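I have placed the structure first, in the form of structure tokens, so that the comments after it can refer back to it.
The values are calculated or read from the model by the stated rules, or taken from the named source; none is laboratory data. Keep in mind the model is a prediction, meaning the values are calculated, not measured. Reconstructed Cβ throughout: ideal geometry from the backbone, glycine too, with neighbour counts over all protein chains shown. Just the protein is used for accessible areas: all its heavy atoms, side chains included, with ligands, DNA and RNA removed. Shrake-Rupley method; radii C 1.70, N 1.55, O 1.52, S 1.80 Å.
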Amino acid sequence: LLYVASYPASALGPTPFGTQCSRSDPGHSKISIVEVPLAAPQQSRVIAQPTFELNDFGAPGFRGCHDITVFLEPRIAAAACLSEGQMWDLSDLERPRTTARIHNANVEIWHSAAFTWDNQIVVFGDEAGGGAGAFCKASDPSTVGAAWFYRVADLDNLSATAEEQPLGHFKIPRPQGDVANCTMHNFNVIPVRGRYVLVSANYSGGTSVADFTDPASAYEIGHFDPHGANTWSSYWYNNFIYTNDSGRGVDVVLLSDRARAGARKFPYLNPQTQESLLD
């Protein structure tokens, strides 16, 4: 099954595909679930379009989820839905159900999410400025464009008006000047027991590796910040970090820090489909 997120972000009206999905639309607040028969992928079809209660993102009808990360073994998902974060129960994979709506006045754009591999903490990233705002000046607060850490068990059955208390947050400590952006973009967590380590892309800030074992005191333990970086995604996989940069292309970086000692290796990895729960 594929969970396909979308939202009416365009202000240009009809698309080249003959669809009308502009910000002036009523909006749809839904995802599409596509079933892909692995033996016959040409027979893929949409089997469900579940809807979710969501807040508008500054304009009527402008609502939807940007990224969705699924954790298969505990059957849950974390959805970054522009103006809020959500937790979903996936007991029925074809009928995701919202179990929590998370609000944080410090977060401008709920962009991405990831779980620790023991399912204790969920990380939500803020793409403040939409990838264009300069929030990396030395004078900018650490709460702008940060990653925010929440205890998964604290997010059950919360109302839409609840202001949940995060365990902490992290933003790269390296100012990038008056025009560059370094907000959190795409990331994942290294699957290692006894320690929480986040690998994240940070636009002009390159790639950051942060230890958030104590979420209240997260700190950077390493970075790859090449000249002219505009790093879109950075993912750990089997001791290496794979980065995608709009100017440089792809870099593969060896993480030679003891933080990844004993990290589990996988035969494959989709960063937004975590499968195995590590005790």
(request) Run the quick spin-label model on residue 43 and residue 72: label points 7 Å from Cα toward the beta carbon, then report their separation in nm to one decimal. (result) 2.1
(message) Taking the Cα centre as origin and putting +1 on Lys and Arg beta-carbons and -1 on Asp and Glu beta-carbons, what dipole magnitude results for the chain, to the nearest 20 debye?
(response) 460
(request) Grab the beta carbon distance between residue 106 and residue 59, set R0 = 25 Å, and tell me the FRET efficiency rounded to 0.05. (result) 0.75
(request) Kindly rank 45-52, 93-100 from highest to lowest mean number of other beta carbons found within 10 Å of each residue. (result) 93-100, 45-52
(request) Considering Cα pairs under 8 angstrom that are at least six residues apart, work out the relative contact order of the chain and quote it in whole percent. (result) 13
(message) If you roll a 1.4 angstrom probe over the protein chains with everything in place, what fraction of the accessible area of the chain belongs to carbon and sulfur, to the nearest %?
(response) 52
(request) Sequence neighbours fewer than 8 away in the same chain don't count; with that in mind, list the lysines whose C-alpha is under 17 Å from residue 171. (result) 137
(request) Using packing as a proxy for protection, rank 28-39, 176-187 so that the peptide with the highest average count of other Cβ atoms within 10 Å comes first. (result) 176-187, 28-39
(request) Count charges around residue 273 for me, please; just the other residues with Cβ under 15 Å from its Cβ, Lys/Arg as +1, Asp/Glu as -1. (result) -2
(request) Only Cα pairs under 8 Å and at least 6 apart count here; give the relative contact order of region 87-161 as a rounded whole percent. (result) 33
(message) Give me the one-decimal nm value for the distance between modelled label points at residue 268 and residue 1, 7 Å along each residue's Cα-to-Cβ direction.
(response) 1.9
(request) Could you work out the local net charge near residue 264, counting Lys and Arg as +1, Asp and Glu as -1, over the other residues with Cβ closer than 12 Å to its Cβ? (result) 0
(message) Explain nothing, just compute: Karplus ³J(HN,Hα) = 6.51 cos²θ - 1.76 cosθ + 1.60, θ = phi - 60°, for every residue of region 191-201 in order, whole Hz, x for Gly and Pro.
(response) x, 10, 7, x, 7, 10, 10, 9, 10, 9, 7
